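Single-structure report; data block below.
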Amino acid sequence: MRNKEREICANMVSRRIKSLPREWPEVREHGMPTTAIVLGTGWGDALNLETLWSVPLVWLHGFESLEQLEGHKRELIFARLNGKSVWVLSGRIHANENPIDLNLPKMVRLQTEMLLQLGVKNLILTNAAGSLSGDIKVGDIVVADGFVTLFAPKMPLWGGEFCSPEDTLDKDFRQLALKSAEGLIDAHQGGYAMVQGPFFEGRKYDKAILRMVGASTVGMSTLPESCIAALYREEGVKVLALSFITNTDSEDHSHEENVKRVNASSSKLGELISRIVAKI
Ligand code: HPA
């Protein structure tokens, strides 16, 4: 049964997007994408996209109150990447952004749900994360094989929407990502713990707990998108979640330094995504 949020989203997509792209010559030529990439911190600069069309998120119904980010465009992009059509969501909305905007949870949900309403089946979620293991170094990639949800904020789900985000993390996608990383970047598999932020969890005590429950990485995104994808699992939606490791669990934490570190690896990340998309 459709719930209220799904109605709102379907409405938005049909009114503003769904009918539009089919009319563009580029879409007629290439078809509607079935793959979407949600860009995490620093991942955007990495992609070798041929942008065919883009729309600022704030233009779309449901996102009117969205705040713009400095130096970081929030938009939905229709692009070609390594021979495939893709949707790219840039400037992802985080659950910790604006505590006084009551629309925030709705927007966090809609950004993923609109992609799925547009027919996306393969959802590639990227993020920047901290390592919780000595084996996982700054500059490595971790492919999520599960979630630690115990410390996550409230998800943008409605009562009754029982779902299992972990089950959308597709095993074949994980293998594809690990294979694609060979010779390019050191890659691991592990559990991703979501924390609310925007403050960094404590290194001395919080991280010790996260390690104790088995998490390999910690970050402030990706779980909400995976929850929404899980609602569409029966429709064939699968998720690949990739973390770029920006920091260890013991050093001082700095967002600025993290961004610098992702940027330093941007060409490798671009190549990784490009290899994955070609084979998906
Ligand atoms: N913790 C939470 N979020 C993060 C981290 C971290 O160590 N690094 C990048 N995003």
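The values are calculated or read from the model by the stated rules, or taken from the named source; none is laboratory data. If you're wondering where the values come from, they're calculated on a predicted model, not measured in any experiment. In this analysis, Cβ positions are derived from the backbone assuming ideal geometry, glycine residues included, and neighbour counts consider all displayed protein chains. Quick note on the areas: whole protein, heavy atoms, side chains included, nothing else; ligands and nucleic acids left out. Shrake-Rupley method; radii C 1.70, N 1.55, O 1.52, S 1.80 Å.
Things to note:
- MRE, 222 nm, helices only [DSSP H, n ≥ 4, -39500 (n - 2.57), over the chain, to nearest 500]: -8500 deg cm²/dmol
- Only Lys, Arg (+1) and Asp, Glu (-1) charged, at Cβ; the chain dipole about Cα centre in debye: 600 debye
- Across the options Thr168, Gly190, Leu272, the greatest Cα extent toward the positive end of the charge dipole of the chain (unit charges at beta carbon of Lys, Arg, Asp, Glu) belongs to Thr168.
- Straightening the chain between His255 and Leu69 buys 65.5 nm, computed as 0.36 nm per residue apart minus the Cα-Cα spacing.
- Using a cutoff of 8 angstrom between alpha carbon atoms and counting only pairs six or more residues apart, the relative contact order for the stretch 122-193 works out to 52 percent.
- Charged side chains reduced to their Cβ positions (Lys and Arg at +1, Asp and Glu at -1) give the stretch 25-179 a dipole of some 220 debye around its Cα centre.
- When the chain is treated as a Gaussian network with alpha carbon springs shorter than 10 Å, the biggest mean-square fluctuation among Val55, Val237, Val148 belongs to Val55.
- Listed residue (Leu178, Ala95, Leu69) projecting farthest to the positive dipole end of the chain, Cβ model: Leu178
- Cβ charges +1 (Lys, Arg) and -1 (Asp, Glu), total dipole of the stretch 58-131, debye: 440 debye
- With the simple spin-label model, which puts each label point 7 Å out from Cα in the Cβ direction, the Asp145 to Arg233 separation comes to 1.8 nm.
- By accessible area, using a 1.4 Å probe on protein heavy atoms only, the stretch 4-279 has 50% of its surface on carbon and sulfur.
- Listed by chain and number, the aspartates and glutamates whose C-alpha is less than 13 Å from the C-alpha of Lys204, apart from same-chain residues fewer than 8 away, are Asp249, Glu251, Asp252.
- For the chain, accessible area per residue (1.4 Å probe, heavy atoms of protein chains only), Å²: 45 Å²
- Within a Gaussian network of the chain (alpha carbon springs, distance under 10 Å), most fluctuating of Trp87, Trp53, Trp158: Trp158
- Which listed pairs, of Lys207/Lys260; Lys154/Lys268; Lys154/Lys279; Lys121/Lys179; Lys154/Lys179, have C-alpha distances above 31 Å, in listed order: Lys154/Lys268; Lys154/Lys279; Lys154/Lys179
- Model label sites at Asp186 and Asn96, defined 7 Å from Cα along the beta-carbon direction, differ in position by 2.6 nm.
- Once C-alpha pairs closer than 8 Å and six or more residues apart are averaged by separation and normalised to the residue number of the chain, the relative contact order reads 26 percent.
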